[in-house]
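Here it is: the structure, laid out below.
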């Protein structure tokens, strides 16, 4: 993901709350400290499909906003 | 070779504090340079004594430790070895263990950052295990021997201090594990009826090796009654067959530790190590119906469609993909026990031989000594 960002693509990492600090630290380590981190409610494992859709409902508008911000 | 005083002039290479045990430990705790236990102050003098057993440049990167991807140089590793309480002659083996666990197949990033509770287990084989008196007998996984205790602790300190495996930041383990404090043993080669682990993995018997495994803690297997190979192996297979192992979902290499007495019974029954693995592969199985409905539908049927897509509830689920995936090592003292060590799953054990900087096998740690 860091490599894609360095190539100029629109990128983001989707993670749940407890992994936010790890995500930020890894973004710094890989030289992309400005990598957007889209936070969804924890957990991601052990969810019924409706709850997975709920997580997607949280993430998708943020992903769309990210794309809109990069429109020419 | 650049001298230590020169290397310590680099920005951030050293800190000055009061020459006081409590003050130095307070500083280490504040900076997060600790496993929580007091450390031996890594003074320049102690670090230099550790580096006496290093035959390569002290500022050369020997490995890069995730998730911080910190460069592990002999200088930094020596500081961690001092902090852990290592004797200088342990240093070559410690460096080798770090190099082995930073190889790609081991997946140290995953092992460091996962929610699983694994820790790198260091298994030592060959003459250096005996030279350093690494415990392979009674209480080998437990306390009592300086080499086991401090080599394993040095690994953990390097993983934290260089690699950034800081709880809830770079180490996301849900529980952690006592094995994360220290986890280093030797195989009891003298008491094993079979070729030792390093020979099985393609090394000369005279080589000294470390094998690193992304491992859980040992789980005991009690069998005081079985008189035959099949009896012992049936008890082991029954303990190995569990529904909640990471190993189920990967090309994993779970570890079976046999005590010398159990191994002798199995070998006297005519079983080679390969035969024992085959027995475990065939008998350590659970019927599909023992798994939860969600694990069947969402994981097993999807991960292994050729085997389980349409399988009924009686279909046997093996614990590994192939018989050879089991690792068997003989460790321990007297007693009718074996142990099972599941792994992180998404990892492969790595074995490396102890070599001098010129590539020659090291017959003794004394071959590294420079002063």
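Kindly indicate which of B:193, B:167, B:143 is modelled with pLDDT of 95 or more and closer than 22 Å to residue B:344 by Cα. Show your work before the answer.
Details: B:193 fails: closer than 22 Å to residue B:344 by Cα; B:143 fails: closer than 22 Å to residue B:344 by Cα.
Result of the check over B:193, B:167, B:143: B:167.
Quick one: which helices (runs of 4 or more DSSP H) sit completely within chain A and have at least 1 residues that are more than 14 Å from chain B (Cβ to nearest Cβ)?
Working: elements: A:2-6, A:20-29, A:49-69.
Hits in chain A: A:2-6, A:49-69.
Looking at region B:221-257 only, could you name the residues that are out of contact with any strand residue (DSSP E or B) (no Cβ under 9 Å at 6 or more places or on another chain) and in a helix (DSSP H, G or I)? Break it down into steps so the answer makes sense when it comes.
Taking region B:221-257 and keeping what is out of contact with any strand residue (DSSP E or B) (no Cβ under 9 Å at 6 or more places or on another chain), we get B:225-231, B:233-234, B:244, B:249, B:251.
B:229, B:230, B:231, B:233, B:234, B:249 - these are the residues of region B:221-257 that are out of contact with any strand residue (DSSP E or B) (no Cβ under 9 Å at 6 or more places or on another chain) and in a helix (DSSP H, G or I).
Looking at region B:189-209, is at least one residue surrounded by fewer than 17 Cβ atoms within 10 Å (Cβ to Cβ) and under 16 Å from the mean Cα position of the chain (by Cα)?
Yes - at least one qualifying residue is present in region B:189-209.
When you scan region B:112-126, how many residues do you find that are within 15 Å of the chain's Cα centre (by Cα) and away from chain A (no Cβ under 14 Å)?
Of the residues in region B:112-126, 9 are within 15 Å of the chain's Cα centre (by Cα) and away from chain A (no Cβ under 14 Å).
Can you tell me which of B:355, B:293, B:303, B:310 is more than 23 Å from residue B:140 (Cα to Cα), within 14 Å of another protein chain (Cβ to nearest Cβ) and at pLDDT 95 or above? Talk me through it step by step, then tell me what you get.
Values: B:355 fails: within 14 Å of another protein chain (Cβ to nearest Cβ); B:303 fails: within 14 Å of another protein chain (Cβ to nearest Cβ); B:310 fails: within 14 Å of another protein chain (Cβ to nearest Cβ).
Every option except B:293 fails the conditions.
Restricting to region B:330-366, what's the tally of residues that are more than 30 Å from residue B:225 (Cα to Cα) and out of contact with any strand residue (DSSP E or B) (no Cβ under 9 Å at 6 or more places or on another chain)?
Initial filter on region B:330-366 (more than 30 Å from residue B:225 (Cα to Cα)): B:344-366.
Right, trim to out of contact with any strand residue (DSSP E or B) (no Cβ under 9 Å at 6 or more places or on another chain) and you get B:356-360, B:363-366.
The number of residues fulfilling the criteria is 9.
Check B:114, B:61 and return the single one that is without any contact (Cβ under 8 Å) to a residue 60 or more places away in the chain and out of contact with any helix residue (DSSP H, G or I) (no Cβ under 6 Å at 6 or more places or on another chain).
Residue meeting the stated conditions: B:61.
For every residue, the table says whether it meets (1) away from chain A (no Cβ under 14 Å); (2) touching a strand residue (DSSP E or B) at 6+ places or on another chain (Cβ under 7 Å).
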site: B:144; (1), (2): yes, no
site: B:148; (1), (2): yes, yes
site: B:151; (1), (2): yes, yes
site: B:156; (1), (2): yes, no
site: B:161; (1), (2): yes, no
site: B:166; (1), (2): no, no
site: B:178; (1), (2): yes, no
site: B:183; (1), (2): yes, yes
site: B:192; (1), (2): yes, yes
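Here are some residues: B:63, B:71. Which one is modelled with pLDDT of 95 or more, within 17 Å of residue B:157 (Cβ to Cβ) and within 14 Å of chain A (Cβ to nearest Cβ)? Break it down stepwise before answering.
Values: B:63 fails: within 14 Å of chain A (Cβ to nearest Cβ).
That would be B:71, the only listed residue that is modelled with pLDDT of 95 or more, within 17 Å of residue B:157 (Cβ to Cβ) and within 14 Å of chain A (Cβ to nearest Cβ).
A follow-up question, please. Tell me, please, whether a residue that is farther than 30 Å from residue B:204 by Cβ, more than 14 Å from chain A (Cβ to nearest Cβ) and modelled with pLDDT of 95 or more can be found in region B:127-138. Please lay out each step first, then the result.
At the first step, the residues of region B:127-138 found to be farther than 30 Å from residue B:204 by Cβ are none.
Scanning region B:127-138, I find no residue that is farther than 30 Å from residue B:204 by Cβ, more than 14 Å from chain A (Cβ to nearest Cβ) and modelled with pLDDT of 95 or more, so the answer is no.
Let me ask something else about it. Only one of these is out of contact with any helix residue (DSSP H, G or I) (no Cβ under 6 Å at 6 or more places or on another chain) and either surrounded by 19 or more Cβ atoms within 10 Å (Cβ to Cβ) or part of a helix (DSSP H, G or I) (or both): B:158, B:165, B:154, B:179. Name it. Give the steps one after another, and end with the answer.
Numbers: B:158 fails: out of contact with any helix residue (DSSP H, G or I) (no Cβ under 6 Å at 6 or more places or on another chain); B:165 fails: out of contact with any helix residue (DSSP H, G or I) (no Cβ under 6 Å at 6 or more places or on another chain); B:154 fails: out of contact with any helix residue (DSSP H, G or I) (no Cβ under 6 Å at 6 or more places or on another chain).
On inspection, the qualifying residue turns out to be B:179.
Scan region B:314-322 and tell me whether some residue there is surrounded by fewer than 18 Cβ atoms within 10 Å (Cβ to Cβ), touching a strand residue (DSSP E or B) at 6+ places or on another chain (Cβ under 6 Å) and free of Cβ contacts under 8 Å to residues at least 60 places away in the same chain. Even if it seems obvious, please write down each step before you answer.
First pass over region B:314-322, keeping only residues surrounded by fewer than 18 Cβ atoms within 10 Å (Cβ to Cβ): B:314-316, B:321-322.
Filter again for touching a strand residue (DSSP E or B) at 6+ places or on another chain (Cβ under 6 Å), leaving B:314, B:316.
Subset that is free of Cβ contacts under 8 Å to residues at least 60 places away in the same chain: B:314, B:316.
The answer is yes; a qualifying residue exists.
Being without any contact (Cβ under 8 Å) to a residue 60 or more places away in the chain, surrounded by fewer than 17 Cβ atoms within 10 Å (Cβ to Cβ) and more than 22 Å from residue B:168 (Cβ to Cβ) narrows it down to one residue among A:4, A:44; which is it?
After ruling out the rest, the residue left standing is A:4.
Based on this model, can you work out whether residue B:95 counts as crowded, with 19+ Cβ neighbours inside 10 Å and within 20 Å of the chain's Cα centre (by Cα)?
On the way: crowded, with 19+ Cβ neighbours inside 10 Å: yes; within 20 Å of the chain's Cα centre (by Cα): yes.
Yes.
The values are calculated or read from the model by the stated rules, or taken from the named source; none is laboratory data. A quick note: this is a predicted structure, and the numbers were derived from the prediction, not measured. Backbone-built Cβ (ideal geometry, glycine too); neighbour counts: all protein chains shown.
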